[in-house]
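Have a look at the structure below before the remarks.
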Amino acid sequence: MFKFLGLTFNGTNLISITVVTILTFLLIFWLSRNPQIRPGKRQNVLEWIIDFTNGIVESSLPNRTGQGLRLLAFVLFVFIFIGNQLGLILQVKLGDITYLKSPTADPIVTMTLALVMLVMAHYLGVATLGFKKYFKNNYLSPFVFLLPINIIEEFTSFLTLGLRLFGNIMAGEMLLNLIAGIAYSHGVLSFIPALAIEVIWQGFSVFIGSVQAYVFVTLAMVYISEKTVVEEV
């Protein structure tokens, strides 16, 4: 942690987010080089990811609003996917200070991503429906007396979207560190079985990280759909 202009910053998060951003750019840049009419392996991978994220958007927003969010969903999915996997592949720790890990293993990062998506959902709701229709659709529908519950739901949506991602990634990294500690506790007797368990759990964590990236983008699109599409009662 360090202070700058009276504000406190988390150096680990800044480094980790910067590394994930660079890796995201380099991966997409590498996959998108020299596109061909008959796609090669790299182009096939890129097109599959694009089709996959487009499908997520279209399942919730098959309209003009959804068309404008396809690029966001694509970049968000790749960014969160790489962020989830970073700590499984590489962690840099010197003494008691961690300099590099999965940024999504920190609640500040995941809650910030959740806040950005929910603010965008409200903005698009007002821009698409107009404030009066947006307010009625989201807070007074289907019944006016549900207003307090609908307001509480906004906070619970924010918490669940951010904490779900954080909890899964943090738990995976903590267990990997625990297994690594056990591996060196009793020499060869503990190292060999712990290594096998570490490999198995790391593979499972990659799967969990992929699922969580999908879940986050899907729920973000669902929330935007709820704010921009008028419910028919």
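The values are calculated or read from the model by the stated rules, or taken from the named source; none is laboratory data. Every value quoted in this text rests on a predicted model; they were computed, and no experiment measured them. Cβ placement follows ideal geometry from the backbone for every residue including glycine, while neighbour counts extend to all protein chains displayed. The protein model used for the area step is the full one, side chains on, heavy atoms only, and it has no ligands, DNA or RNA in it. Shrake-Rupley method; radii C 1.70, N 1.55, O 1.52, S 1.80 Å.
Kindly list, by first and then second residue, each pair from a residue in region 10-23 that is in contact (Cβ under 8 Å) with a residue 40 or more places away in the chain and more than 11 Å from T98 (Cβ to Cβ) to a residue that is open to solvent by less than 70 Å² (accessible area, probe 1.4 Å) and part of a loop (DSSP other than H, G, I, E, B), limited to pairs with Cβ atoms under 9 Å and residues at least 6 apart or on different chains.
Sorted first by the residue in region 10-23, then by its partner, the pairs are V20/S102.
Just to be sure before I move on: is V109 open to solvent by less than 50 Å² (accessible area, probe 1.4 Å), closer than 18 Å to V20 by Cβ and of a type in the set (V, I, T) in the structure I sent? First the steps, then the outcome.
Values: open to solvent by less than 50 Å² (accessible area, probe 1.4 Å): yes; closer than 18 Å to V20 by Cβ: yes; of a type in the set (V, I, T): yes.
Answer is yes for this residue.
Which residue pairs have Cβ atoms under 7 Å apart, sit 6 or more places apart or on different chains, and have a first residue in region 109-137 that is farther than 14 Å from V230 by Cβ and basic (K, R) and a second that is at pLDDT 95 or above and buried (at least 20 other Cβ atoms within 10 Å of the Cβ)?
Final answer for the pair search is none.
Looking at region 86-96 only, could you name the residues that are in contact (Cβ under 8 Å) with a residue 40 or more places away in the chain and either assigned to a helix (DSSP H, G or I) or of a type in the set (V, I, T) (or both)? Before the answer, list the steps.
To start, the set of residues in region 86-96 that are in contact (Cβ under 8 Å) with a residue 40 or more places away in the chain comprises 86-88, 91.
Scanning region 86-96 gives L86, G87, L88.
Listed residues L219, L178, L189, L161; which is modelled with pLDDT under 80, farther than 13 Å from A105 by Cβ and either open to solvent by less than 40 Å² (accessible area, probe 1.4 Å) or aliphatic (A, V, I, L, M) (or both)? Break it down stepwise before answering.
Numbers: L219 fails: modelled with pLDDT under 80; L178 fails: modelled with pLDDT under 80; L161 fails: modelled with pLDDT under 80.
Of L219, L178, L189, L161, the one residue that is modelled with pLDDT under 80, farther than 13 Å from A105 by Cβ and either open to solvent by less than 40 Å² (accessible area, probe 1.4 Å) or aliphatic (A, V, I, L, M) (or both) is L189.
As an exercise: evaluate L72 against (1) surrounded by 15 or more Cβ atoms within 10 Å (Cβ to Cβ); (2) of a type outside the set (F, W, Y); (3) over 30 Å from T128 (Cα atoms) and give the number of the one condition it does not meet.
Condition not satisfied by L72: (3).
Pick from region 139-159 the residues that are in contact with a Leu (Cβ under 9 Å, 6 or more places away or on another chain) and touching a residue at least 40 places away in the same chain (Cβ under 8 Å): which of them is farthest from L113 (Cα to Cα)? Break it down stepwise before answering.
So in region 139-159, the residues in contact with a Leu (Cβ under 9 Å, 6 or more places away or on another chain) come out as 139-140, 146-147, 150, 154, 157-158.
Okay, now just the ones that are also touching a residue at least 40 places away in the same chain (Cβ under 8 Å), so 157-158.
Values: S157: 13, F158: 10 Å.
Looking at residues that are in contact with a Leu (Cβ under 9 Å, 6 or more places away or on another chain) and touching a residue at least 40 places away in the same chain (Cβ under 8 Å), I get S157.
Please work out if T65 is open to solvent by 20 Å² or more (accessible area, probe 1.4 Å), in a helix (DSSP H, G or I) and at pLDDT below 85. Break it down stepwise before answering.
Values: open to solvent by 20 Å² or more (accessible area, probe 1.4 Å): yes; in a helix (DSSP H, G or I): yes; at pLDDT below 85: yes.
Criteria met by T65.
Please specify each residue of region 86-101 satisfying the condition of being open to solvent by less than 50 Å² (accessible area, probe 1.4 Å) and closer than 16 Å to M1 by Cβ. Steps first, please.
Keep residues of region 86-101 that are open to solvent by less than 50 Å² (accessible area, probe 1.4 Å), which gives 86-88, 98, 100-101.
Within region 86-101, T98, L100, K101 meet the criteria.
Conditions (1) touching a residue at least 12 places away in the same chain (Cβ under 8 Å); (2) touching a Ser or Thr at 6+ places or on another chain (Cβ under 7 Å); (3) open to solvent by 20 Å² or more (accessible area, probe 1.4 Å), marked per residue:
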{"residue": "F25", "(1), (2), (3)": "no, no, yes"}
{"residue": "L46", "(1), (2), (3)": "yes, yes, yes"}
{"residue": "F81", "(1), (2), (3)": "yes, yes, yes"}
{"residue": "N84", "(1), (2), (3)": "yes, yes, no"}
{"residue": "P103", "(1), (2), (3)": "yes, yes, no"}
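Kindly check whether there is at least one residue in region 120-142 that is in a loop (DSSP other than H, G, I, E, B) and open to solvent by 40 Å² or more (accessible area, probe 1.4 Å).
First, the residues of region 120-142 that are in a loop (DSSP other than H, G, I, E, B): 130, 140-142.
Pick out the ones that are also open to solvent by 40 Å² or more (accessible area, probe 1.4 Å) and you get 140, 142.
Yes - at least one qualifying residue is present in region 120-142.
Kindly indicate whether any position in region 198-210 is surrounded by 13 or more Cβ atoms within 10 Å (Cβ to Cβ), over 18 Å from the mean Cα position of the chain (by Cα), among the polar types (S, T, N, Q) and modelled with pLDDT under 90.
Looking through region 198-210, at least one residue is surrounded by 13 or more Cβ atoms within 10 Å (Cβ to Cβ), over 18 Å from the mean Cα position of the chain (by Cα), among the polar types (S, T, N, Q) and modelled with pLDDT under 90.
Looking at K3, is it open to solvent by 80 Å² or more (accessible area, probe 1.4 Å), in contact with a strand residue (DSSP E or B) (Cβ under 9 Å, 6 or more places away or on another chain) and without any contact (Cβ under 8 Å) to a residue 12 or more places away in the chain? Steps first, answer last, please.
Details: open to solvent by 80 Å² or more (accessible area, probe 1.4 Å): yes; in contact with a strand residue (DSSP E or B) (Cβ under 9 Å, 6 or more places away or on another chain): yes; without any contact (Cβ under 8 Å) to a residue 12 or more places away in the chain: yes.
Criteria met by K3.
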